[in-house]
Amino acid sequence: NYITMMASSSSSSDSYSRSGSWGVLLVWVLAVSFVKDCQSWSLPIFAATAGAVSFVSSDVSSGVAGGRRVVAVAGATGRTGRYVVQELLERGVEVVALVRDEEKAVQMFADAADDQLLTVIKCDLLSKNEVTKATRNCDAAIWCATGFSSADNGMMAKFQSLFSLVTKRTIDQIGVPLLAQTINKNNNNNNNLPQMIMCSSAGVTRPSWDEDKKEAFSGCADIPIVRLNPFGILDLKRESEQSLRDINVPYCIVRPCGLQDDENVWKSNSRPVLSQGDVAVGRIHRKDVANILVDCCLQLNESTGKTFEVSSIEGNNYPPPKTLSPILQSMTNDSVQGEPYIPSSPVLQATYSALQQLLPGEKQDAAALAMGQTYEQLDNDQVGRLGERGQESIEEAGIYK
């Protein structure tokens, strides 16, 4: 309506010129954005509430006592976030679940409605005011949110497209540093544990590799998610990681390989395999990722300042270790310049060769997969749910669901 109004006014003889009208409009939008950042008021199209879901209290009054953490979970109703909330509650940890869909949260956490450890708050992760209010008593956060900003579907995005200023913003890019900085203000961090634990993704650096490196590590560089990189999601994830490293907050970045929900496809409670250098390919159940994220948050100070990938080995003879402390202790911190650690070429090649032998299936050829195709389908020469390799229907992939 605003666009139509401005266009109509510019066509009348006694109004501004077309370019002048758009200039006034752009100034108005920037002014509104400035006011939104500086005050609690905002236009309805940008607004989101930060009230608690009705079945829990919106006030986390207990704070941190006796060294116990109060943990905010961003993306708490997501496919990984829900397991993180469950794991924290099972360990007796206070949780502030940050959600954007109240109805979904009510249904998902109905069984925990009487749990005094759980507070569910509807929160716009792009709003400094809302994040600050929602996490005022939290001293750690686990980031499991993903997707494009809801604001990008509103009027600002339309204005940007008219001016050819369309940008791909994700919740991660804006929300990760915002939440990390907010949590950092609440925490003295006397225990050396990470304050911000980010669930990212394996493969985020691979689209930026040069051709020689892609050829040398084709078994991980030519897999579907890297080859197609729908909507540039891996590049955006990499940038989100870097935004976390660039601020002075104790962090840990976990990059899981192919995430699984179905116990019939890949069992949870499997042996995690940790590595560095972004050459890992394989599978891991979301429950196991949640366990690792929570372990890093509550007890693994060796994870602070590190970025690592994780897949898993399935089988009764490969249960999870009692602790990941020894393997994390042997890993290398990210550089003081804020770059993720990359092993030397011989070490990286050895890591890659070992991980390739742990791939699921009989053919063990991740590069031959089509997006949406399982290793089992590849073994049986079956087409995956999105079509033949090179002809996948990306629209049906559900990247952000």
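Please determine, by comparing only the residues of the stretch 300-316 that are modelled with pLDDT under 95 and not charged (D, E, K, R), which one is surrounded by the fewest Cβ atoms within 10 Å (Cβ to Cβ). Spell out how you get there, then give the answer.
First pass over the stretch 300-316, keeping only residues modelled with pLDDT under 95: 314-316.
Now restrict to residues that are not charged (D, E, K, R): 315-316.
Details: 315: 10, 316: 8.
Filtering the stretch 300-316 for residues that are modelled with pLDDT under 95 and not charged (D, E, K, R), the one surrounded by the fewest Cβ atoms within 10 Å (Cβ to Cβ) comes out as 316.
Is there a residue being of a type in the set (A, V, I, L, M), in contact (Cβ under 8 Å) with a residue 12 or more places away in the chain and within 25 Å of residue 227 (Cα to Cα) anywhere in the stretch 316-330? Give the derivation first.
Residues of the stretch 316-330 of a type in the set (A, V, I, L, M): 324, 327-328.
Remaining after also requiring in contact (Cβ under 8 Å) with a residue 12 or more places away in the chain: 324, 327-328.
Add one more test, that the residue is within 25 Å of residue 227 (Cα to Cα), and what stays is none.
The answer is no; no qualifying residue exists.
Restricting to the stretch 370-384, name every residue that is touching a Lys or Arg at 6+ places or on another chain (Cβ under 7 Å), of a type outside the set (Gly, Ala, Ser) and open to solvent by less than 30 Å² (accessible area, probe 1.4 Å).
Residue satisfying the conditions is 378 alone.
Going by the structure shown, is residue 236 among the aliphatic types (A, V, I, L, M), under 22 Å from residue 372 (Cβ atoms) and modelled with pLDDT under 95? Break it down into steps so the answer makes sense when it comes.
Working: among the aliphatic types (A, V, I, L, M): yes; under 22 Å from residue 372 (Cβ atoms): yes; modelled with pLDDT under 95: yes.
In short, yes.
Taking the stretch 70-107 as the search range and keeping residues that are of a type in the set (S, T, N, Q) and part of a helix (DSSP H, G or I), which one is surrounded by the fewest Cβ atoms within 10 Å (Cβ to Cβ)?
First, pick out the residues of the stretch 70-107 that are of a type in the set (S, T, N, Q): 77, 80, 86, 107.
From the residues that got through so far, the ones that are part of a helix (DSSP H, G or I) too are 86, 107.
Details: 86: 18, 107: 10.
So the residue we want is 107.
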Cβ-Cβ below 7 Å, separation at least six or inter-chain, first residue in the stretch 352-378 and within 11 Å of residue 218 (Cα to Cα), second open to solvent by 30 Å² or more (accessible area, probe 1.4 Å) and small (Gly, Ala, Ser): which pairs? 367/218
I need a count of the residues in the stretch 257-296 that are charged (D, E, K, R), over 16 Å from the mean Cα position of the chain (by Cα) and open to solvent by 20 Å² or more (accessible area, probe 1.4 Å). 6
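Return the total of residues in the stretch 203-242 being open to solvent by 30 Å² or more (accessible area, probe 1.4 Å) and either out of contact with any helix residue (DSSP H, G or I) (no Cβ under 6 Å at 6 or more places or on another chain) or touching a residue at least 24 places away in the same chain (Cβ under 8 Å) (or both).
Let us first name the residues in the stretch 203-242 that are open to solvent by 30 Å² or more (accessible area, probe 1.4 Å), namely 207-208, 210-216, 218, 222, 225, 227-228, 231, 235, 238-239, 242.
From the residues that got through so far, the ones that are either out of contact with any helix residue (DSSP H, G or I) (no Cβ under 6 Å at 6 or more places or on another chain) or touching a residue at least 24 places away in the same chain (Cβ under 8 Å) (or both) too are 207-208, 210-213, 215-216, 218, 222, 225, 227-228, 231, 235, 238-239, 242.
Total meeting the criteria: 18.
The values are calculated or read from the model by the stated rules, or taken from the named source; none is laboratory data. Note that this is a predicted model, so its numbers are computed, not measured. No Cβ is skipped: glycine too gets one built from the backbone with ideal geometry, and neighbour counts run over all protein chains shown. Remember, those area values only see protein heavy atoms, side chains included, never the ligands or the DNA or RNA. Shrake-Rupley method; radii C 1.70, N 1.55, O 1.52, S 1.80 Å.
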